[in-house]
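Encoded as structure tokens, the structure appears first; notes follow it.
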Amino acid sequence: MSDTKIKITDLHKAFGRKVVLDGVDLEIKKGESLVVIGGSGTGKSVLIKCIQGILTPDKGSILVDDEEVVGVSEKEKEKLHSKMGMLFQGGALFDSLSVWENVAFGLLENKKMDKKNAKMEAIRVLRQVGLAPDVADLSPSELSGGMQKRVGLARAIATRPEIIFFDEPTTGLDPIMSDVINGLIIESVKGLGATALTITHDMASARKIADRIAMLYKGKIIWQGTVKELDKTNNEYVRQFINGSSEGPIKVEV
Amino acid sequence: MIQKFLRKLGKPLVKFFSSLGELSIFVIRSVANCFMPPFYIRNFLRQVMDIGFYSLPVVGLTTIFAGMVIAIQSYSGFSRFGAESAVASVVLISVTRELAPVLSALMVAGRIGAAMAAEIGTMRVTEQIDALTTLSTNPYKYLITPRIVAAVIVLPLLVLIGDVIGIFGGYVVGVYQLGFNPANYIKSTIDNLEALDITTGVVKAAVFGFIIAVMGCYNGFKSKGGAQGVGDATTNAVVSSSILILIFNYIITGMFFSK
């Protein structure tokens, strides 16, 4: 077996006339942490949703563990999802369930663990992301933004997935909390030996999490390399993005 | 000029048919999932409580006043040709065939259809539905099937209770306001009781329950664009299910009673 976990070839996706992905090629190795950077609305989220099979791409191929995921049946998608975990931008915690039921959701519904063990496991994972056991019985709406992110992270890693997606993990958090979350992400990904795909426009976060960084612009991957290479690159698009300048080849459409 | 006109005409038409197609696919997928495990019993029971138990006061109030009004109206109408004695059977027939199923369904559409659209719509815009998918849980089975099954089972029960309360309303007005003899009123009600009256009401209720749940879930499921999108979904759910209830009421009545 090759050491490639996810291989994306010539991926296209358009919504009506708006072309979002225009031939994305990307490879993620086993155990690697890849960060995709890019401006708002460049299709980063669409890329993740295509890999998860939530959106169906118009053209192209996505291989996970050398198996095609584009156009497979619902049943195979469910099998695919059991390999994956995801931390959503807004947390996306189920507000009708308590914190521990959120964390243990995958364990209860799919791994058919009994309630008592699932709760113990949930509390263990919560502690792993730095939350006290007494948080377990609260409702998600009673938590602060940072705590919700932690619970979301706990839910994403509770089923011990092989692949974890992070959608803007630090958006809406203060710099210190961002760093804490970044630390937790690294810890949990390395702890599980999982492959991670993060999308963000927070460069501090990208530098900290990434083994490798790829930049998405106008529906294509225009640059990829390690963090070291990022600082040396002559690619004007990348330079403009990491310096956060409004002047350069990237024009902001108003 | 003509092209411009055709374009104006075509756009909403295409939109109409594409959403009709979307709705059909949604209905087929939801119904198909009713028969395939896993079943989420807890979610189903929660919906039974929400749709059934908590709707009891609303349904009770609606049907009791409907029964009372029908008693007064039919009395004053029938007294013109000396047929006051028909009040009990008119109350019976109009409550069981029409008033209890239709009015209860409309009230439940306002209460439950709106709540379903708002809850599922909020889950959609906060990505909770995507989160379900990534936790390898089928959102149709987890969210929609329990609601549809619960509504189809519970609405007929609500209507049966509504029948009793509505007839009781007519009895109260008949006996205490219009001066009927209680024993005669009850006897006349029982003598005129036919199974067909009850069954048609119950069949209607099951169909209405299906309409309410499907429209509530569909509009919530398809909502997008934050708070406003959820608001629109809620409005659409209530309006579309109310209209469909009235249309299907006509169709089912036609199927049972037109010769």
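The values are calculated or read from the model by the stated rules, or taken from the named source; none is laboratory data. Because the structure is a prediction, the values reported are computed rather than measured. When we count neighbours, we look across all protein chains shown, and the Cβ atoms used for this are built from the backbone with ideal geometry, even at glycine. Accessible surface is based on the protein model in full, side chains and every heavy atom, while ligands, DNA and RNA are left aside. Shrake-Rupley method; radii C 1.70, N 1.55, O 1.52, S 1.80 Å.
One table, with the values for the structure above:
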{"quantity": "Meets criteria (of a type in the set (Ser, Thr, Tyr) and open to solvent by 30 Å² or more (accessible area, probe 1.4 Å)) for B:TYR140", "calculated": "no"}
{"quantity": "Residue identified as modelled with pLDDT of 90 or more and either more than 12 Å from chain B (Cβ to nearest Cβ) or open to solvent by 60 Å² or more (accessible area, probe 1.4 Å) (or both) among A:VAL103, A:VAL99, A:VAL64", "calculated": "A:VAL99"}
{"quantity": "Matching residues in the stretch A:69-90 - criterion: being of a type in the set (Gly, Ala, Ser) and either more than 8 Å from chain B (Cβ to nearest Cβ) or over 12 Å from B:GLN128 (Cβ atoms) (or both)", "calculated": "A:GLY71, A:SER73, A:SER82, A:GLY85"}
{"quantity": "Pairs where the first residue, in the stretch B:129-143, is touching a residue at least 24 places away in the same chain (Cβ under 8 Å) and more than 8 Å from every other protein chain (Cβ to nearest Cβ) and the second is open to solvent by less than 10 Å² (accessible area, probe 1.4 Å) and among the hydroxyl-bearing types (Ser, Thr, Tyr), C-beta under 6 Å, 6+ apart", "calculated": "B:TYR140/B:SER30"}
{"quantity": "Residue count, the stretch A:183-208 (criterion: in contact with a Ser or Thr (Cβ under 6 Å, 6 or more places away or on another chain) and either aromatic (Phe, Trp, Tyr) or at pLDDT 90 or above (or both))", "calculated": "1"}
{"quantity": "Residue that is farthest from B:PRO146 (Cα to Cα), among those in the stretch B:165-212 that are aromatic (Phe, Trp, Tyr) and in a helix (DSSP H, G or I)", "calculated": "B:TYR176"}
{"quantity": "One residue from A:MET177, A:MET113 being over 28 Å from B:VAL125 (Cβ atoms), at pLDDT below 90 and touching a helix residue (DSSP H, G or I) at 6+ places or on another chain (Cβ under 6 Å)", "calculated": "A:MET113"}
{"quantity": "Selection from the stretch A:1-57 of residues that are open to solvent by 10 Å² or more (accessible area, probe 1.4 Å), within 14 Å of chain B (Cβ to nearest Cβ) and closer than 19 Å to A:PRO169 by Cα", "calculated": "A:SER45, A:VAL46, A:LYS49"}
{"quantity": "So A:LYS112, is it basic (Lys, Arg), open to solvent by 50 Å² or more (accessible area, probe 1.4 Å), more than 9 Å from every other protein chain (Cβ to nearest Cβ) and not in a helix (DSSP H, G or I)", "calculated": "yes"}
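Okay, residues lined up against (1) exposed (fewer than 12 other Cβ atoms within 10 Å of the Cβ); (2) in a helix (DSSP H, G or I); (3) within 14 Å of chain A (Cβ to nearest Cβ):
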{"site": "B:GLY10", "(1), (2), (3)": "yes, yes, no"}
{"site": "B:PHE26", "(1), (2), (3)": "no, yes, no"}
{"site": "B:PHE39", "(1), (2), (3)": "no, no, yes"}
{"site": "B:MET49", "(1), (2), (3)": "no, yes, yes"}
{"site": "B:LEU56", "(1), (2), (3)": "no, yes, no"}
{"site": "B:THR62", "(1), (2), (3)": "no, yes, no"}
{"site": "B:PHE65", "(1), (2), (3)": "no, yes, no"}
{"site": "B:GLY77", "(1), (2), (3)": "no, yes, no"}
{"site": "B:ARG80", "(1), (2), (3)": "yes, yes, no"}
